[in-house]
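Visitor: Following this message is one structure expressed as structure tokens.
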Amino acid sequence: MKKVKDANVFQRNDVDLSHALKTFTNLSNESAGLHGNIENFIGWTQIPTGITRALLINGDYAKGSFCIPLATTEGALVASYSRGCNAVSASGGATTFISKEGIQRSPLFKFNTLNEVKVFVLWLNENFVQFQYLITRHSSYAYLQKVDTVVEGNVVIVNFDYYTAEAAGQNMITICTNAICEAILLDCPIKPQTWYLESNFSGDKKATANVLSQVRGKRVSAEAIINKVHLQNVLKTTAKRITDYWQASTCASIQSGTIGAQGHFANGLAALYLATGQDVACVAESAVGMTRMEIVDHDSLYIAVTLPNIIVGTVGGGTGLYTQSECLKSLNCIGKDSSRKLAEITAALILAGELSIAAALAEGHFASAHQTLGRKNTKIK
């Protein structure tokens, strides 16, 4: 890969870019391998990466204890997630379940009349199997699960729903859907006035009410029961105080118009996505979800999180970069069902983070933690 020729223009304001443009011995020679990841390459942006304390997960794919890598510049974040991991693990671990999988691309077709729309929708349904066969010529991993239509007058949004195996799949389904659209234009007896590959209906990189009840990526739930001893010793709170806070914050979320109700899904998602080479922009939809807390067995706490849109992969995208690949290997997220394993790890991590931040806010420790761990007194030289 060629470095950008105009890097000197990039520096013309006398800004010191010696770190961004620095040639790292172990990385610069591999810049040719960055095709598909970056254009106009000038160097590397480094993000500190830490690991959580061991998190015990009782999943269908993630089984055992995991120290989870998190890339972040936010002080107190890794410490907070580690505290949640301690409490969950000491109480028997988090149980996880993937209830749905699917990633969508949603082209739009505009016709002259509603009668043309009727013919088009019928033709789509009749040719579903042909679409499934067509995409096998463009991907070895993508599988077309279903096709839904949303009709508004003479406009049809077609929602193609795919399974993408170990890949997150956004690029894969874009290529496959484009091939289907080209076949539609060629073979369908009714020709649209115009069409667009993505209508903006799919929820790609945005928070939508639609994806709260459906799925984009993997819909994963995680739960744990934290007993009284670990609530007090690890989290410094009680089941009553933490559920009181959860109820108050959920009511406030409703008043603000939040889609879903959760504390800070985006923190853990962004840090894990960065560390493991995911598309970090997908935090936009991945952070839509629900956290729920209840008092059980008198003084214990039941906590559950549901994330309908965990978009993770273990192949493709940034997962093959050196540090990201190493982070995935540290979680043993390689091979068959590794993307499902990573999704379960993600949900369990988010549960631990929700537990810790709710306890901190319930007990008035939130500001002091950031005062201690999140403030900087000196610049890095």
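The values are calculated or read from the model by the stated rules, or taken from the named source; none is laboratory data. Keep in mind the model is a prediction, meaning the values are calculated, not measured. FYI the Cβ positions are ideal-geometry reconstructions off the backbone, even for glycines, and counts take in every protein chain you see.
Visitor: Please state which of the following conditions Val9 fails to meet, knowing it meets all the rest: (1) at pLDDT 95 or above; (2) part of a helix (DSSP H, G or I).
Guide: Of everything listed in (1) at pLDDT 95 or above; (2) part of a helix (DSSP H, G or I), Val9 misses just condition (1).
Visitor: In the set Gly313, Gly320, which member is within 14 Å of the chain's Cα centre (by Cα) and of a type in the set (Gly, Ala, Ser)?
Guide: Gly313
Visitor: Looking only at region 271-310, count how many residues are over 16 Å from the mean Cα position of the chain (by Cα) and not hydroxyl-bearing (Ser, Thr, Tyr).
Guide: 11
Visitor: Output yes when any residue across region 172-184 is in a loop (DSSP other than H, G, I, E, B) and either within 30 Å of Cys333 (Cβ to Cβ) or modelled with pLDDT of 95 or more (or both), and no when none is. Full working, then the answer.
Guide: First pass over region 172-184, keeping only residues in a loop (DSSP other than H, G, I, E, B): none.
Within region 172-184, none of the residues are in a loop (DSSP other than H, G, I, E, B) and either within 30 Å of Cys333 (Cβ to Cβ) or modelled with pLDDT of 95 or more (or both).
Visitor: Regarding Asn86, is this residue modelled with pLDDT of 95 or more and not assigned by TED's automatic domain parsing to the domain that holds Leu301?
Guide: No, not satisfied.
Visitor: From the list Gln46, Gln104, which one is out of contact with any helix residue (DSSP H, G or I) (no Cβ under 7 Å at 6 or more places or on another chain), buried (at least 21 other Cβ atoms within 10 Å of the Cβ) and more than 21 Å from Cys333 (Cβ to Cβ)?
Guide: Working: Gln46 fails: buried (at least 21 other Cβ atoms within 10 Å of the Cβ).
Just one listed residue meets the conditions, Gln104.
Visitor: Which residues, taken from region 156-200, are more than 22 Å from Gly36 (Cα to Cα), crowded, with 22+ Cβ neighbours inside 10 Å and of a type in the set (Val, Ile, Thr)?
Guide: The answer is Val156, Val158, Ile180.
Visitor: So, one more: Taking the options Lys336, Lys329, name whichever one is in the same structural domain as Met290 (by TED's automatic domain parsing), more than 30 Å from Ile225 (Cβ to Cβ) and assigned to a loop (DSSP other than H, G, I, E, B).
Guide: Going through Lys336, Lys329 in turn, the sole match is Lys336.
Visitor: Buried (at least 18 other Cβ atoms within 10 Å of the Cβ), among the hydroxyl-bearing types (Ser, Thr, Tyr) and in contact with a strand residue (DSSP E or B) (Cβ under 8 Å, 6 or more places away or on another chain): is that true of Thr208 in this structure?
Guide: So Thr208 fails the test.
Quick grid of which residues meet (1) buried (at least 21 other Cβ atoms within 10 Å of the Cβ); (2) touching a strand residue (DSSP E or B) at 6+ places or on another chain (Cβ under 7 Å); (3) outside the structural domain of Ile311 (by TED's automatic domain parsing):
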{"site": "Ser65", "(1), (2), (3)": "no, yes, no"}
{"site": "Pro69", "(1), (2), (3)": "yes, yes, no"}
{"site": "Tyr81", "(1), (2), (3)": "yes, yes, no"}
{"site": "Thr95", "(1), (2), (3)": "no, yes, no"}
{"site": "Glu116", "(1), (2), (3)": "no, no, yes"}
{"site": "Trp123", "(1), (2), (3)": "no, no, yes"}
{"site": "Asn127", "(1), (2), (3)": "no, no, yes"}
{"site": "Gln132", "(1), (2), (3)": "no, yes, yes"}
{"site": "Lys146", "(1), (2), (3)": "no, yes, yes"}
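Visitor: Still on this structure: Which condition number does Ile190 fail, the rest of (1) outside any loop (DSSP other than H, G, I, E, B); (2) under 19 Å from Glu126 (Cα atoms); (3) among the β-branched types (Val, Ile, Thr) being met?
Guide: The single condition Ile190 does not satisfy is (1).
Visitor: Considering only region 38-141, give the strands (runs of 3 or more DSSP E) lying wholly within it that have at least 1 residues that are free of Cβ contacts under 8 Å to residues at least 12 places away in the same chain and under 22 Å from the mean Cα position of the chain (by Cα).
Guide: Working: elements: 49-51, 55-58, 63-66, 69-71, 94-105, 108-110.
Those strands (runs of 3 or more DSSP E) span 63-66.
Visitor: In addition: Could you say which residue among Ile135, Ile190 is among the aliphatic types (A, V, I, L, M) and within 30 Å of Val283 (Cβ to Cβ)?
Guide: Ile135 is the lone residue from the list that is among the aliphatic types (A, V, I, L, M) and within 30 Å of Val283 (Cβ to Cβ).
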